[in-house]
Amino acid sequence: MTTQRSTTAHSLPVTVVGLGPMGLALAESFLNAGHPLTVWNRTPGAADSLVARGARRAATVADAVSANPVTIVCLKDYPTLYEVFDATGDALAGRALVNLNSGTPTEARAAADWAAARGAEYLDGAIMVPPPIVGQPGSVILYSGPPDVFDRHRAALATMGDPRHLGSDPALAVLHNTALLEMMYATMNGFLHATALVGTAGVSAVDFADLALGWFMPTVTDSVLAQQAPELDKGNYPGDVGTMEMNLNALEHITRTSVEQGVHSDQPRLMRQIAERAVAEGYGGNNYLAVFEIFKQATRVP
Ligand code: NAP
């Protein structure tokens with residue numbers, strides 16, 4: 001597909017290492033935009049369609065890295081990164097490595113140290129969209145690492161999606177990615193459990209979605225959470241219009257109703273336990289958002 005971007009910028013040559021479903025989508029976005037592209041994958045046949053469109057298949061990873069100033073890496077995980085790149089000798093020295101596999105903050109910081117020891121510039125990143133959206137409007141990729149390295153390669157990175165630089169700590173991209181995914185799963189589970197609950201009275205998911213997603217959730221996110229974010233930063237949870245104790249009652253009702261209606265009750269039970277802990281720690285008179293103080297602590301193993 002030829003986009004407007006392909007006619008405006010991009011003659012910047014790029015290497016992509018790792019051609020699983022995601023790496024292939026990244027590589028295709030560079031070809032679509034007209035970048036000269038070098039690729040390497042453990043299983044060479046994964047590059048066939050790219051080579052047919054003009055990409056160069058490198059014989060070794062060292063050859064791939066040496067071909068261009070910047071290498072985008074999209075392998076399975078951090079151990080695979082080391083397994084693949086430890087064979088490159090000093091080929092990384094003076095080059096930039098942009099690593100987009102998923103992982104943990106500790107793994108990201110270790111990879112930044114590992115790259116520095118090889119004389120390479122390093123950005124860590126997290127892809128926030130599935131492969132078909134890469135390179136399309138709506139594609140967002142998070143980055144962290146030295147701002148000057150990001151700025152130098154921003155134009156090439158923008159081909160894959162809107163590049164958002166979060167700061168110089170290399171852990172920030174995967175940390176944000178994990179936090180956003182956690183929010184997604186918690187939101188989906190909330191809606192799915194609630195839909196199962198009303199489903200016990202014959203209400204369809206479509207009918208419930210109208211009320212739950214059309215009206216209710218936006219009031220929670222916009223009128224409560226977005227407005228209260230500054231108070232979270234201050235640790236200010238006034239209970240003047242509703243207390244933790246009152247919310248504990250609501251959570252007790254949700255748990256009991258789940259049991260009565262014969263649906264799964266672990267999720268409301270866990271939310272109730274967290275609120276009980278907040279009460280036990282002295283937040284009973286605060287509003288519900290004081291559970292933030294409990295979430296900031298490690299779980300205590302009984
Ligand atoms: P994947 O299965 O996680 O990774 C496949 C890639 O890793 C292939 O290039 C594969 O090479 C390579 N690989 C695996 N083990 C290897 C080894 N021991 N030595 C050399 N290469 C090895 O598939 P993916 O979907 O492309 O994901 C890549 C990364 O992107 C992952 O960290 C994933 O979490 C992240 N991500 C994926 C998505 C998505 O929707 N797919 C979305 C966001 C982020 P071969 O082809 O030779 O097997």
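Summary table below
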read-out	value
From the options LEU142, LEU123, residue that is at pLDDT 95 or above, closer than 16 Å to THR15 by Cα and not aromatic (Phe, Trp, Tyr)	LEU123
Total residues in segment 225-238, condition open to solvent by less than 60 Å² (accessible area, probe 1.4 Å) and either closer than 22 Å to MET184 by Cβ or aliphatic (A, V, I, L, M) (or both)	3
Some residue of segment 114-121 being part of a helix (DSSP H, G or I), of a type in the set (Lys, Arg) and either more than 15 Å from the ligand (Cβ to nearest atom) or surrounded by 15 or more Cβ atoms within 10 Å (Cβ to Cβ) (or both)	no
Test for GLY125: is it in a loop (DSSP other than H, G, I, E, B), under 21 Å from the mean Cα position of the chain (by Cα) and among the small types (Gly, Ala, Ser)	no
Tally, over segment 128-152, of residues that are part of a strand (DSSP E or B) and closer than 16 Å to ALA111 by Cβ	3
Count of residues meeting criterion [open to solvent by 70 Å² or more (accessible area, probe 1.4 Å) and either of a type in the set (Gly, Ala, Ser) or over 15 Å from ASN247 (Cβ atoms) (or both)] in segment 270-294	1
First in segment 55-74 and farther than 16 Å from HIS35 by Cβ and open to solvent by 10 Å² or more (accessible area, probe 1.4 Å), second anywhere and not in a helix (DSSP H, G or I) and not acidic (Asp, Glu), Cβ under 6 Å, 6 or more apart	VAL61/TRP40; ALA62/ALA91; SER66/ALA91
Any chance ALA155 is in a helix (DSSP H, G or I), in contact (Cβ under 8 Å) with a residue 60 or more places away in the chain, within 30 Å of GLN261 (Cβ to Cβ) and open to solvent by 40 Å² or more (accessible area, probe 1.4 Å)	no
Residues located in segment 9-41, provided they are near the ligand (Cβ under 10 Å from one of its atoms) and part of a loop (DSSP other than H, G, I, E, B)	GLY18, LEU19, GLY20, ASN41
Tally of residues being surrounded by 14 or more Cβ atoms within 10 Å (Cβ to Cβ) and over 15 Å from TYR122 (Cβ atoms) across segment 158-179	11
Residue count for segment 81-113, restricted to those that are away from the ligand (no atom under 12 Å from the Cβ) and open to solvent by 40 Å² or more (accessible area, probe 1.4 Å)	9
Selection count where residues are away from the ligand (no atom under 14 Å from the Cβ) and either part of a loop (DSSP other than H, G, I, E, B) or β-branched (Val, Ile, Thr) (or both), scope segment 58-73	5
Answer from LEU192, LEU197, LEU248, LEU142 - the residue that is surrounded by 12 or more Cβ atoms within 10 Å (Cβ to Cβ) and in the same structural domain as GLY125 (by TED's automatic domain parsing)	LEU142
Lone unmet requirement of (1) within 10 Å of the ligand (Cβ to nearest atom); (2) assigned to a helix (DSSP H, G or I) for LYS76	(2)
Listing of helices (runs of 4 or more DSSP H) fully contained in segment 226-302 that carry 1 or more residues being modelled with pLDDT of 95 or more and more than 28 Å from the chain's Cα centre (by Cα)	244-261, 266-278
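This table checks each residue for (1) at pLDDT 95 or above; (2) more than 24 Å from ARG109 (Cα to Cα).
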position	(1), (2)
ARG5	no, yes
SER11	no, yes
ASN32	yes, yes
PRO44	yes, yes
ASP48	yes, yes
ALA52	yes, yes
ALA55	yes, yes
ALA58	yes, yes
VAL73	yes, no
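The values are calculated or read from the model by the stated rules, or taken from the named source; none is laboratory data. Computed from a prediction, not measured in an experiment: that's the story for all the values here. Glycine also receives a Cβ, built like all others from the backbone with ideal geometry; neighbour counts cover every protein chain displayed. We work out accessible area using only protein heavy atoms, side chains counted, and drop any ligands, DNA or RNA first. Shrake-Rupley method; radii C 1.70, N 1.55, O 1.52, S 1.80 Å.
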